[in-house]
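Q: Structure below; questions to follow.
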Amino acid sequence: MQELEQDIKTALSAAIQQVFGAEVPAAQLTIQPTRKEFAGSFTLVTFPLTKALGKGPEQIGQALGEWLTANEPKVSGYNVVKGFLNLEIADAEWLRRFAQLVQRPDGAPMPTGGPQDVVVEYSSPNTNKPLHLGHLRNNFLGYSVAEILKATGATVTKANLVNDRGIHICKSMLAYQHYGHGETPQSAGIKGDHLAGKYYVLFEKHYREQVRQLEAEGVAPEIAKKQAPLMLEAQTMLQQWEQGDDAVITLWKQMNGWVYEGFDETYKTIGVDFDKFYYESGTYLLGKERVEEGLQKGVFFRKEDGSVWVDLKEEGLDEKLLLRADGTSVYITQDLGTAELKYQDFGYDLSVYVIADEQNYHMQVLKAVLKKLGKPYADAIYHLSYGMVDLPSGKMKSREGTVVDADELVREVVEAAKTATLEKGKIEGLSDDEQAQLFHTLGLGALKYYLLKVDPKKRMLFNPEESVQLEGHTGPFIQYSHARIAQLRRKAQQMGIAETADFSTLLALEKTEREMVEELARYGSVVAEAARSFSPAVVAQYAYDLAKAYNRFYAEVPVLQEADETRRAFRVALSAQTARAIKASMSLLGIEVPERM
């Protein structure tokens, strides 16, 4: 589609030269897709040309349309609506481009001239709790953006920074020391990440009780929060960890080991993967070195209590703590180390951080601090900021144990997909294992699609029941459309109809056929736009539009029942290419499409 758009721009430039004797380079012309209510594929806005050409916008459109239909074989017709010239593309051109699509290898990269060495960091879990609904949006976004960038020809590394140390992890460890009584995932019969999360919630419960007790004794609230015995113990444990205390390190390794096993199981279930793992415990020391470097360069300063800060007032970001007074690091400390490690490992020209918009300020600070340090990779950092996910019941809070657990949510949507599919009653002939796999594919597809179809920057409300519906703007609707085409292809094969027949004798297309070819031709430009905007929602919308267009086509013209042999073969090929495009699009979202439903 991008190539055709460029051809039309070149033809328009030639038309302007021939009709008006004026030089307007193709690069200066802007054309856009024609609105659905008008005939045509491309639209030129003629208002900007009035001064240079000395004519009214409608006169310009009329003159250019007449010249193009007479002299450019790719243009078969036109219409002018005020200052808009809508151009219709000839059927022969659509057929030629469709033949190219059929020949194009599946998944061939489409270079966009963008960054070529990219690191996409996503997931970034804390080892004090299991993954929840918000983590799912993060994981699905990161995985999909990485796949989309790969499709444009970039070399992409999927990275996961595990936050495996710090005060939050010490809270879970301390609660386990006090209340665990030697419990293990095996003895408790629950996943390790859920066990750690249980003790994080227990810490907060007992900590709040201590704060309330201190307040009842007349201690001011802010002081009570700092002086509660459990909080003081947690801070001591963090210091002991950084000093390498054997008992603390042993407990830390034991509990983190349980959590990693749980994370791995969840990652496998939700279908995301990583090329490289980083751990905060392995990056914070390098971050401390960068803090020391900043002190030596005079771009950081130490306060009287010994804490280290950076002044970012000129950048509009105020002062930022880089190292606590007791020498322990904060999140920004390890982020400085991780950014450098990633650059050492991959020499990236783009480093994407998939992090919720609650951390917008933090990411601005990270970039500003790296610039102050003079790091060459500071400008390569891009924060893919996304909105939080809410539920009809309200905002989730980890420390209160009110989060929507990822594992439980996946089980729920799979069960909902099972119920919705059985109501349709179209899975006879599938074994129990095949049915279970189908329900998982549909449930996970519903969940991923629902979370990815919304622009990342927007906050969203997740409705589990709505996500699994087989009609409407849902993943299962698109999956069902693919399964329908797969069934048609099987029948066509039984009838001996080839999907790669010669269509050169076709002279004209039906309206719905033309719409389908045009929709299929958009795939490359859609992927390029999704890569530029870091938005899987662009691909999700395309997959939905494609499925809708195919259902219209299927309803309006016969396919296997078509009497004309050449046209029947063309429609089967059109169906097959649509299935490939749906599969490729959904794959970029991390969603599988079934062959049967």
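Q: Could you tell me the ratio Rg/Rh of segment 406-588? Both radii from Cα atoms, Rh via Kirkwood.
A: That ratio is 1.00, to two decimals.
Q: For segment 532-595 and segment 1-64, what is the separation of their C-alpha centers, rounded to whole Å?
A: One Cα centre to the other: 31 Å.
Q: While we're on this one: Trypsin sites (Lys or Arg not before Pro) within segment 25-92: which are DSSP loop residues with at most 14 other Cβ atoms inside 10 Å?
A: Working: sites: 35, 36, 51, 55, 74, 82; in loops: 35, 36, 55, 74, 82.
Loop-located and lightly packed - 35, 36, 82.
Q: Taking the Cα-to-Cβ direction at residue 434 and at residue 215 and moving 7 Å from each Cα, how far apart do the two end points lie in nm?
A: Taking the two extended label points, one gets 6.1 nm.
Q: Using alpha-carbon pairs under 8 Å, 6+ residues apart, how would you state the relative contact order of the chain in percent?
A: 14 percent
Q: Please label the shape of segment 2-89 as rounded, prolate or oblate, based on the square roots a ≥ b ≥ c of the eigenvalues of the alpha-carbon gyration tensor (a/c under 1.5 means rounded; beyond that, a/b larger than b/c means prolate, else oblate).
A: On the way: a/c = 1.42, a/b = 1.19, b/c = 1.19.
It is rounded, given that a/c, with a ≥ b ≥ c, falls under 1.5.
Q: Please work out the Cα center distance from segment 319-390 to segment 153-185, rounded to the nearest Å.
A: Each part reduced to its Cα centre gives a spacing of 20 Å.
Q: If you don't mind, another one. Are there DSSP H segments in the chain that both extend 24 Å or more along their axis (alpha-carbon positions) and score a mean Kyte-Doolittle hydropathy of at least 0.0? List them, or say none. Each step should come with its number before you reach the end.
A: Working: long enough: 2-20 (27 Å, -0.05); 133-151 (27 Å, 0.28); 192-216 (37 Å, -0.91); 246-270 (36 Å, -0.34); 280-297 (25 Å, -1.01); 406-424 (27 Å, -0.20); 432-452 (30 Å, 0.02); 475-494 (29 Å, -0.89); 536-556 (30 Å, -0.16); 565-588 (35 Å, -0.04).
Flagged H segments are 133-151, 432-452.
Q: Hey, got the dipole for the chain? About the Cα centre, +1 on K and R Cβ, -1 on D and E Cβ, debye to the nearest 20?
A: So the dipole magnitude of the chain works out to roughly 760 debye.
Q: Figure the gain on full extension for residue 304 and residue 30 (residue separation times 0.36 nm, minus the Cα-Cα span) and round it to one decimal in nm.
A: Full-extension gain reported as 92.7 nm.
Q: Need one number: % antiparallel among DSSP beta bridges in segment 122-400, to the nearest 5.
A: Expressed as a percentage, antiparallel bridges in segment 122-400 total about 45.
Q: Simple spin-label model, 7 Å along Cα-to-Cβ: residue 99 to residue 508 in nm?
A: Between residue 99 and residue 508, the label points sit 2.1 nm apart.
Q: Let me check against my output: what whole-number percent is the relative contact order of segment 316-454, with C-alpha pairs under 8 Å and at least 6 apart? All intermediate terms of the calculation are to be shown ahead of the outcome.
A: Working: 97 pairs, mean separation 24.2, N = 139.
Relative contact order for segment 316-454 comes out at 17 percent.
Q: What are the semi-axes of the equivalent ellipsoid of the chain, taken as the square roots of 5 times the eigenvalues of the Cα gyration tensor, listed largest first and rounded to whole Å?
A: Values: eigenvalues 572, 211, 72 Å².
Value: 53, 33, 19 Å, ordered largest first.
Q: Oh, and also: In whole percent, what relative contact order does segment 122-400 give with Cα contacts below 8 Å and a gap of six or more residues? Let's see the in-between values first.
A: Working: 380 pairs, mean separation 55.4, N = 279.
This gives 20 percent for segment 122-400.
Q: Something else now. Of 161, 176, 11, which is farthest on the positive side of the dipole of the chain, counting Cα position, with +1 on Lys and Arg Cβ, -1 on Asp and Glu Cβ, and the Cα centre as origin?
A: Sorting the options by dipole projection puts first 11.
Q: So, one more: In nanometres, what is the gap between the two model label sites at residue 116 and residue 264, each 7 Å from Cα along Cα-to-Cβ?
A: For residue 116 paired with residue 264, the spin-label model returns 3.6 nm.
Q: A further question on this structure: In the chain, which longest range has no GluC sites (Glu not before Pro) that are both DSSP loop (not H, G, I, E or B) and surrounded by at most 11 other Cβ atoms within 10 Å? Each step should come with its number before you reach the end.
A: Values: sites that count: 23, 37, 217, 304, 428, 471.
It runs 38-216.
Q: Suppose we keep just the DSSP beta bridges with both residues in the chain; what percent of those would be antiparallel, to 5? Write out the running numbers ahead of the final one.
A: Working: 23 of 45 bridges.
Here the share of antiparallel DSSP bridges comes out near 50 percent.
Each value in this text was obtained by applying a stated rule to the coordinates, not by laboratory testing. Remember, predicted model here, so these are calculated numbers, not experimental data. Positions of Cβ are backbone-derived with ideal geometry, glycine not excepted, and every protein chain shown enters the neighbour counts.
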